[in-house]
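Chemist: Before I ask anything, let me first share the structure, which is written out below as structure tokens.
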Amino acid sequence: MAIEVAALPLPPSADPSKFADFGREVKGVNPGTLTQEQFKEIERLLYKHSALLFRDVDLTPEQQYALTKAFDPASESYGHGNNKTESTKKSILHPDLKTIPRVPQVQLIGNGMVYDHEGLAEAKLKHPSHTTFHKTRVSPEDEEKGYTRFYRWHIDAALYDLSPPKVTTLYGITVPKGPAQVVRYDDGTGDELSVPLGTTAFVSGKTMFEILPPELKSLAVRSKVKYAPHPYVWMAPARANSTGLGIETEGLELPPEELPPWEESRQKTFPVLWKNPVTGDSHFEVHPCGAAELLVDPLPEGAKREGALYPDGAHITDLGEVRALLYKMQRPAIAPSLVYPHDWHERDLVLFHNRGVLHTVVGAFKPDQVRAFHQCNLAASDDPAGPTPEDVKKWA
């Protein structure tokens, strides 16, 4: 049977014109037993469409690891380092992940108590909630009415020492059913978004760049982000804003001397825009919570200076300014009409181009709502490529 593709089912809130190329459901192939020829087609489809959905899949942890590794055969360890999140107790990722013992590159995530699962006698899983990470929260009364928030918009990446994974695979094993929830942005815009319970929400980094006005496109194409050392430990005492898109600047981040041992040479600095290896498109890919500094190149010779931001370049180290600039560039792309909230079913497998999208956990479960997913992403064998000189000339 030939590989077939169909558009993903978009919610009524989505603007179809912005999802023409985003996301496809793939039929007629078993992702756990792909031939080399089939994999090449899946790889092309993923980089073209950013997210692929396979329904009714039986997938072992070994098969999920092999599938994820096929996108980057030289990659080996889990995106944050095998077993690293469990050993780093201060990391904000620590409560969310449990490692599958025989395949340490695959993580068990979800909610509630899970027993006799792939070599784990028991695992207490905790669905991340905005109530423990945001500066403000939806009131318990409104939570009972079904209101919730995005948790944290991010890229799957250690952002220190290791290179960001190219692909993440998410496999739904136990998916509790329940009424839809309503995401409140709570940022003064009145924006709300109806989402399925426990959705994973995605936005396109390509769209995030394309909808920017010219002066912000120019800033993006000329900029690099320097991330804090051990960013998930650094940010742990701080609190996120109400959209989950970055952190409030209150001076709560851990000072350098209180972090685990670190070396400046292992800090990561990445371009704001990452180049798609198949389409050549530029994707705006910044993890706003971990960003510490912005480095802006000057305008290229002959570029129009009128209205340009930082025409002579800049090294921005003021955390509030860094965050404000990133928020200004990223917030438009998480508008309700640009978000794809996946409606999970048991045995759904979703592959997403981790260097082409941002995503977030959404919503909240009650303790007795058991959810179990397998997640795999692998620290890449190289860093993402940034804009070419031609790109800079075009957009700056």
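Please treat every number below as a calculation from the coordinates, not as lab data. Computed from a predicted structure; not experimentally measured. Neighbour counts are summed over all protein chains in view; Cβ atoms, including those assigned to glycine, are modelled from backbone coordinates with ideal geometry.
Chemist: Please list, ordered by chain and number, the residues whose modelled amide H lies under 5 Å from the amide H of Arg152; skip anything fewer than 5 residues away on the same chain.
Modeler: The list, which skips near neighbours in sequence, is Val361.
Chemist: Among Ser77, Val233, Val272, which residue has its Cα furthest toward the positive end of the charge dipole of the chain, with +1 on Lys/Arg Cβ and -1 on Asp/Glu Cβ?
Modeler: Val272
Chemist: Using the crude model of +1 on Lys and Arg Cβ and -1 on Asp and Glu Cβ, and no other charge, please compute the dipole size for region 106-246 relative to its Cα centre, in debye to 20.
Modeler: Using Cβ point charges on Lys, Arg, Asp and Glu, region 106-246 gives about 480 debye.
Chemist: Here's another thing I want to ask about it. For the modelled label position 7 Å from the Cα of Ala6 along Cα-to-Cβ, which residues of region 12-47 have backbone nitrogen atoms closer than 14 Å?
Modeler: Answer for this model: 24-29.
Chemist: Then there is this: With unit charges on the beta carbons (Lys and Arg positive, Asp and Glu negative) and the dipole taken about the Cα centre of the chain, which residue among Phe365, Ala335, Val392 sits farthest to the positive side?
Modeler: It is Ala335, whose Cα lies furthest towards the positive end.
Chemist: While we're on this one: For the pair Thr269 and Gln38, how long in nm is the line joining their label points, each one 7 Å along Cα→Cβ?
Modeler: Modelled inter-label distance: 4.5 nm.
Chemist: Continuing with this model, one more query. Where Rh is the Kirkwood radius over the Cα pairs of region 175-240, the temperature 10 °C and the viscosity 1.306 mPa s, what D in µm²/s does Stokes-Einstein return?
Modeler: Diffusion coefficient, whole number: 100 µm²/s.
Chemist: Hey, what do the phi angles of region 161-175 turn into as Karplus ³J(HN,Hα) couplings, whole Hz, using 6.51/-1.76/1.60 and θ = phi - 60°, x for Gly and Pro?
Modeler: 6, 9, 8, x, x, 7, 9, 10, 10, 10, 10, x, 9, 10, 10
Chemist: Which residue, chosen from Pro16, Val167, Val106, occupies the Cα position most advanced towards the positive end of the dipole of the chain, where the dipole is computed from +1 (Lys, Arg) and -1 (Asp, Glu) charges on Cβ about the Cα centre?
Modeler: Towards the positive end, the residue furthest out is Pro16.
Chemist: For Ala180 paired with Lys27, estimate the spin-label separation in nm (one decimal), with each label point 7 Å from Cα along the Cα-to-Cβ line.
Modeler: About 2.4 nm separates the two model spin labels.
Chemist: Could you give the C-alpha radius of gyration of region 294-361 expressed as a fraction of 2.2 N^0.38 Å, taking N as the number of residues it contains?
Modeler: 1.64
Chemist: Using the alpha carbon gyration tensor of region 112-168, what are the three equivalent-ellipsoid semi-axes (square root of 5 times each eigenvalue), largest first, in whole Å?
Modeler: 27, 22, 9
Chemist: Taking θ as phi - 60°, what are the ³J(HN,Hα) couplings along region 294-307 by the Karplus curve (6.51, -1.76, 1.60), each to the nearest whole Hz, with x for Gly and Pro?
Modeler: So the Karplus estimates, Gly and Pro as x, are 10, 10, 10, 6, x, 4, x, 4, x, 6, 6, 8, 4, x Hz.
Chemist: Then there's this: Using θ = phi - 60° and the Karplus relation 6.51 cos²θ - 1.76 cosθ + 1.60, list the HN-Hα couplings for region 382-396 in order, rounded to whole Hz, with x at every Gly or Pro.
Modeler: Values, residue by residue: 8, 8, x, 7, x, x, 7, x, 5, 4, 4, 4, 5, 9, 7 Hz.
Chemist: What FRET efficiency, computed as 1/(1 + (r/R0)^6) with R0 = 22 Å and r the Cβ-Cβ distance, is obtained for Glu192 and Glu215, rounded to the nearest 0.05?
Modeler: Efficiency at R0 = 22 Å is approximately 0.15.
Chemist: Could you calculate the FRET efficiency of Asp382 with Arg347 from 1/(1 + (r/R0)^6), where r is the beta carbon distance between them and R0 is 30 Å, rounded to 0.05?
Modeler: E between Asp382 and Arg347, to the nearest 0.05, is 0.35.
Chemist: Given H placed 1.01 Å from N in the peptide plane, which residues other than close sequence neighbours of Asp383 have an amide H under 5 Å from its amide H?
Modeler: The list, which skips near neighbours in sequence, is empty: none.
Chemist: Take each uninterrupted DSSP H stretch in the chain, measure its Cα extent along the helix axis, and return the ones at 15 Å or beyond whose mean Kyte-Doolittle hydropathy is at least -1.0.
Modeler: Answer set is 319-330.
Chemist: Can I ask one more? When the dipole is taken about the Cα centre of region 238-396, and only Lys, Arg (+1) and Asp, Glu (-1) are charged at their Cβ, what size is it in debye, to the nearest 20?
Modeler: Using Cβ point charges on Lys, Arg, Asp and Glu, region 238-396 gives about 580 debye.
Chemist: In the structure displayed, which of Lys48/Lys394; Lys48/Lys224; Lys226/Lys394; Lys166/Lys206 lie more than 18 Å apart, Cα to Cα?
Modeler: Lys48/Lys394; Lys48/Lys224; Lys226/Lys394
Chemist: Here's a follow-up. What residues have an amide H closer than 5 Å to that of Leu120, excluding those fewer than 5 places away on the same chain, when H is modeled at 1.01 Å from N in the peptide plane?
Modeler: Under 5 Å from the amide H of Leu120: no residue qualifies.
Chemist: Given charges of +1 on the Cβ of Lys and Arg and -1 on the Cβ of Asp and Glu, with all other atoms neutral, how large is the dipole of the chain about its Cα centre, in debye to the nearest 20?
Modeler: 200
Chemist: Turning to a different aspect of this structure: Label Thr132 and Val370 with points 7 Å out from Cα along Cα→Cβ: what is the distance between them in nm?
Modeler: My value for the distance between the label points is 2.0 nm.
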